[in-house]
Amino acid sequence: MIKILVIEDEDDIREGILDVLSADNFLAIEAGNGKAGIQMAKHHKPDLILCDVSMPELDGYGVISELRQDPSFATIPFIFLTAQVQKNNLRYGMNLGADDYLTKPISRSELLEAITTRLGKQAAIDQQFRVKLDELRSSITLLLPHELRTPLSGILGLSEALIEEHQTLMPEEVLELAQDIHSCGERLYRLIQNFLMYAELEIAAANQAINLAASSDLTVDAKTIVSKKAVQKAKEKHREADLRLALENASVGLPPAKLQKIIEEIVDNAFKYSEAGTPVFIVSQVVGDSFSVSVSDRGRGMTAEQIANVGAYMQFERKLYEQQGTGLGLAIAKRLTLLYGGELTIHSILGELTEVYITFPLV
């Protein structure tokens with residue numbers, strides 16, 4: 001049975017609404033003021049909340065402000081009840097997360113229509129969320145064991161050789177084996193982190209109430225982050241001579257760690273899919289009210305279909321190139337960019353070049 005919480009300080013109005021809801025087979029619970037309403041909401045976890053705006057001690061705006069801070073109430077439909085609707089008050093309530101307004105006195109048909117509409121929209125969001133989770137679960141179940149097995153096999157095989165041959169190995173050979181084991185371990189760790197991050201991002205994207213762009217943790221020195229991560233990836237690939245940097249600074253509205261992750265994945269792809277001795281260009285600049293970063297390489301390139309299908313668990317031309325990994329890099333970079341209000345685009349000519357552009361609004 002659908003549970004609806006009614007928060008209203010006027011007894012006759014509250015009782016009238018409860019009668020309508022009960023007659024229509026809703027499980028109706030009540031609270032006579034804002035503070036009691038918050039307690040009832042947290043205790044009963046209703047499917048929908050009807051709340052008066054004007055109440056003593058704690059008004060409706062205070063109720064929704066507190067409840068929306070709790071992730072478990074982020075998507076519960078919230079309908080305000082008010083004696084008069086002024087445009088500025090309506091906008092204020094909507095900005096706090098309200099889904100609808102009903103003006104008192106409320107007719108039975110208006111009340112039930114508003115409730116049905118909001119519950120229907122919530123059901124559609126929940127269904128989309130479940131489908132996304134099912135797809136994610138299926139992809140991880142099918143691909144994660146295989147992808148984890150490759151670096152894990154390297155760790156086990158190399159460590160076994162070290163154990164069996166340790167008495168006859170020269171110190172430099174022991175060091176080489178240890179370095180290879182460490183490299184496989186780092187690859188395994190990054191793979192696991194990417195799977196976990198992509199799962200988190202897919203859940204955040206499916207749940208439209210989560211607004212990561214509202215974070216107050218901003219990047220004030222984008223140039224340094226881009227430069228450090230680019231140099232780090234070039235050193236890892238032993239291609240410092242191929243790196244070309246032309247960077248401007250800016251402040252952008254996403255946490256430094258997220259910008260760092262975006263740059264890491266894009267630059268890693270540029271080095272991974274281009275030959276040593278060919279340049280990788282990284283350019284950042286301020287254009288109008290936006291900050292853009294472009295990463296371009298002279299590698300294998302991508303087809304228009306491949307660009308259109310950039311997403312999780314896709315590995316372009318895997319059999320041909322025997323590449324390893326899950327292809328999550330671009331998917332993570334794209335999802336993070338979109339969630340923080342930016343844009344990621346790809347231009348490529350097959351067999352010649354690939355250029356990835358990310359753009360964020362300036363703070």
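Only one of Leu90, Leu112 is in a helix (DSSP H, G or I) and either assigned by TED's automatic domain parsing to the domain that holds Arg14 or under 21 Å from Gln39 (Cβ atoms) (or both); which? Can you show your working first?
Values: Leu112 fails: either assigned by TED's automatic domain parsing to the domain that holds Arg14 or under 21 Å from Gln39 (Cβ atoms) (or both).
One residue alone meets the criteria, Leu90.
Which one of these is acidic (Asp, Glu), over 25 Å from Gly351 (Cβ atoms) and at pLDDT 95 or above: Glu240, Glu264? Let's see the steps before the verdict.
Numbers: Glu264 fails: at pLDDT 95 or above.
Unique residue meeting the criteria: Glu240.
Quick one: in region 278-295, which of the residues that are farther than 12 Å from Ala246 by Cα and either charged (D, E, K, R) or touching a helix residue (DSSP H, G or I) at 6+ places or on another chain (Cβ under 7 Å) (or both) is surrounded by the fewest Cβ atoms within 10 Å (Cβ to Cβ)?
In this case the residue turns out to be Asp289.
Out of everything in region 148-179 that is among the acidic types (Asp, Glu) and closer than 27 Å to Ile192 by Cα, what residue ends up being surrounded by the fewest Cβ atoms within 10 Å (Cβ to Cβ)? Break it down stepwise before answering.
Going through region 148-179, the residues among the acidic types (Asp, Glu) turn out to be 160, 164-165, 172-173, 176.
From the residues that got through so far, the ones that are closer than 27 Å to Ile192 by Cα too are 160, 176.
Working: Glu160: 10, Glu176: 14.
It comes out as Glu160.
Would you confirm whether or not region 26-47 contains a residue that is closer than 27 Å to Ile125 by Cα, basic (Lys, Arg), surrounded by fewer than 17 Cβ atoms within 10 Å (Cβ to Cβ) and at pLDDT below 90?
Step one: of region 26-47, the residues closer than 27 Å to Ile125 by Cα are 26-30, 37-47.
Of the ones still in play, those that are also basic (Lys, Arg) are 42, 45.
From what is left, the residues that are surrounded by fewer than 17 Cβ atoms within 10 Å (Cβ to Cβ) are 42, 45.
Add one more test, that the residue is at pLDDT below 90, and what stays is none.
Scanning region 26-47 turns up no residue that is closer than 27 Å to Ile125 by Cα, basic (Lys, Arg), surrounded by fewer than 17 Cβ atoms within 10 Å (Cβ to Cβ) and at pLDDT below 90.
Scan region 313-350 for residues that are over 20 Å from Asn194 (Cα atoms), at pLDDT 85 or above and either charged (D, E, K, R) or not assigned by TED's automatic domain parsing to the domain that holds Asp217 (or both) and jot them down.
Across region 313-350, the qualifying residue is only Glu343.
Say whether the condition of being more than 29 Å from Glu200 (Cα to Cα), aromatic (Phe, Trp, Tyr) and not in a helix (DSSP H, G or I) is met by at least one residue in region 94-108. So that I can check it myself, show each step before the final result.
Kept after step one, since they are more than 29 Å from Glu200 (Cα to Cα), are these residues of region 94-108: 100-108.
Now restrict to residues that are aromatic (Phe, Trp, Tyr): 101.
So of that shortlist, the ones also not in a helix (DSSP H, G or I) come out as 101.
There is at least one residue in region 94-108 that is more than 29 Å from Glu200 (Cα to Cα), aromatic (Phe, Trp, Tyr) and not in a helix (DSSP H, G or I).
Report, by residue number, each residue of region 330-343 that is in contact (Cβ under 8 Å) with a residue 24 or more places away in the chain, in contact with a strand residue (DSSP E or B) (Cβ under 8 Å, 6 or more places away or on another chain) and more than 14 Å from Gln260 (Cα to Cα).
Of region 330-343, the ones in contact (Cβ under 8 Å) with a residue 24 or more places away in the chain are 330-342.
With the extra rule that they be in contact with a strand residue (DSSP E or B) (Cβ under 8 Å, 6 or more places away or on another chain), the set shrinks to 330, 333-334, 337-338, 340-342.
Leu338, Gly341, Gly342 - these are the residues of region 330-343 that are in contact (Cβ under 8 Å) with a residue 24 or more places away in the chain, in contact with a strand residue (DSSP E or B) (Cβ under 8 Å, 6 or more places away or on another chain) and more than 14 Å from Gln260 (Cα to Cα).
Say whether the condition of being modelled with pLDDT under 90 and under 17 Å from Thr337 (Cα atoms) is met by at least one residue in region 152-169.
Looking through region 152-169, none of the residues is modelled with pLDDT under 90 and under 17 Å from Thr337 (Cα atoms).
Quick one: in region 351-363, which of the residues that are at pLDDT 90 or above and of a type in the set (Val, Ile, Thr) is surrounded by the most Cβ atoms within 10 Å (Cβ to Cβ)? Give the derivation first.
Going through region 351-363, the residues at pLDDT 90 or above turn out to be 352-362.
Those still in the list that are of a type in the set (Val, Ile, Thr) too: 354, 356, 358-359.
Numbers: Thr354: 23, Val356: 26, Ile358: 23, Thr359: 17.
The selected residue is Val356.
Yes or no: region 57-68 includes at least one residue that is of a type in the set (Phe, Trp, Tyr) and more than 21 Å from Leu119 (Cβ to Cβ).
yes
The values are calculated or read from the model by the stated rules, or taken from the named source; none is laboratory data. Every value quoted in this text rests on a predicted model; they were computed, and no experiment measured them. We place every Cβ from the backbone using ideal geometry, glycine too, and count neighbours over all the protein chains shown.
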